[in-house]
1. So if R0 is 35 Å, what FRET efficiency would residue 358 and residue 208 give, r being the distance between their Cβ atoms, rounded to the nearest 0.05?
2. Determine, for each peptide in 213-222, 43-52, the mean count of other beta carbons within 10 angstrom over its residues, then list the peptides with the highest first.
3. Just check region 205-353 against the gyration tensor rule for me: Cα atoms, a ≥ b ≥ c as the square roots of the eigenvalues, rounded for a/c under 1.5, and otherwise prolate or oblate depending on whether a/b exceeds b/c.
4. Would you grab the residues whose amide H sits under 5 Å from the one on residue 217? Only those 5+ places off in sequence or on another chain, please, with H modelled 1.01 Å from N.
5. If you stretched the chain out fully between residue 509 and residue 111, how much longer would it get, using 0.36 nm times the residue separation minus the C-alpha to C-alpha distance?
6. Name the residue farthest towards the positive end of the dipole of region 3-518 from the options 365, 420, 456, assuming +1 on Cβ of Lys and Arg, -1 on Cβ of Asp and Glu, about the Cα centre.
7. If r is the Cβ-Cβ distance from residue 310 to residue 18 and R0 is 30 Å, what FRET efficiency results, to the nearest 0.05?
8. Suppose every Lys and Arg Cβ carries +1 and every Asp and Glu Cβ carries -1, with no other charges. What dipole size does the chain come out with about its Cα centre, to the nearest 20 debye?
Amino acid sequence: MNWLDYLIIALYILAMLLIGYFMRDKGDGKSYFIGNKNFGWFSLLLSTMATQLSAISFISAPAFVGMREGGGMKWLSFEFGVPLAMIFLSVVITPFLYRAGIVSAYEFLEQRFGRSTRLLISTAFLLSRSFSTGVAVYTVALLLESVFYIQFWQTIGIICVVTMLYSLKGGLNVVVFTDVIQMFIKYFGILVCLGFALYHIGGWEAFIQQVDHRRTQVIDLGSWGFNGDSYGFFPMIFGGFVLYASYYGCDQTQVQRALAASSLAEVRKMYMLNGIVRFFVTLTYCITGLVIGTLALSAPTFMSAIPSGQPDKMLPVFILQYLPNGIIGLVIVAIFAAAMSSLSTNVNALAAVTMEDFVIRNRKLSDRQYSWLSQVCVLVWGAICVLTAAVAGGIADTVIEAINKIGSIFYGPILATFSVAILSRRVKAPAMNTGLITGVLFNVYLWKFQPQIFWFWWNFLGCVVTLSIALGLTWLQPAAQGTAQTEKFAFELRNRSTLYLMVFFALILLISMGIPYVL
């Protein structure tokens, strides 16, 4: 790295700070977390995708495909459940949340079951999301320090402090606007890496001749994920459906965007396009990882620079060795952008849940008081994430691998809770809370005592257990008056995006089956 790279990084930081200054929130108190409910599908789509394409994904996904033992293009199977989950959200979950007039997704659960259910899930969200956010920042900082020699505390400062400064005053408006910019930067960074990797390997034909064809398989019908195997077709379909339906439809970081849309039609369009565009973004960085991994196997100098057992350093080493100055700065900015977009979204969501579920309760606050307390919550959660990132060194080697597993402990039971809240009036709080806690404990049991079961199954199995307990306990109670919500459910099924997503789901499978023949 030279002065040009540092200048590009400095200009990016300045641009983010200026955006935060000029887009200060000037609306009422609630607008801090949901804007003025005037967002369209385009900005929400890019903001949602920017949050998903985190810095860890930017670095680790290509490493998994190109170098990690047991890896390869099977990473694409993560996408199988996305279109199906988007259909479920458009039909079942989101219409009810959007029409409820809420800020925190978990407020809906209080309206349906009572405060106890709301606080159970809110607490789980705050603990898991703040922990994973801090550790993610630590991982990026450590990686940049070890490869680019950017000091650990400098990286923490750039990511955390700058993100807090530009997002503090602007709330969700700034978060979404900067996410849009950062998504373009991140995708540009991926394309730059792909282009230079193909150039240095000798072009597409040379890559096809040298690629390890064992890494090109996407679909594995023989792996069920119950005997220590992983990434089989069926766990990725069933587990992926529950994971993404819960993440996009029940997790405050994503629900907040849907609640800020100008209309339900815009939300549905955003979901439909997310179910489509996301696949091609993932395909791009999977191909990038495969090309760079193939280059590493043919270049001893490159390969020797990647520490044994640390494939995540593949992409940073490639950037340092194969990209020219100036371009290096741009790609590092892309990594920073990936970290910042995830951090700003998570901190804003953490503050929203804290305000709505714990601080306000029955208090009457003026808009000025609400905005001031909201900014305090953002600062507090930002400080917690910085502290977590700073002290994560002693636990990161095991925790980084477990971040997705931690999410999968909760996703299934949470989706079951929201689904029951919408589709059944008979189930009451005691039965639902018992089912929720049992589902979470069941997943913890699978983690600790059934390690041969692939963790993607936890999402589906936890959902089934939660539903079974809640409905079973309710069945033992006297029958209650029914509801007309099933008629609404049937009506909501009739929308064009459902057809498009079903067709695209079939197309994903065809593309995935054809990749080994093309590569």
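We did not get these values from a lab; they are worked out from the coordinates using the rules stated. What you see is a predicted model, and the numbers here were worked out from it, not measured in a lab. No Cβ is skipped: glycine too gets one built from the backbone with ideal geometry, and neighbour counts run over all protein chains shown.
1. 0.05
2. My ranking of the peptides, most packed first, is 43-52, 213-222.
3. On the way: a/c = 2.19, a/b = 1.38, b/c = 1.58.
Oblate is the answer for region 205-353, as a/c is 1.5 or above yet b/c matches or exceeds a/b.
4. 73
5. Going from the current span to full extension adds 139.3 nm.
6. Projecting each Cα onto the dipole axis, the largest value belongs to 365.
7. After rounding to 0.05, the efficiency reads 0.25.
8. Working: 32 positive and 23 negative charges, 308 e Å.
Using only the charged Cβ atoms, the result is roughly 1480 debye.
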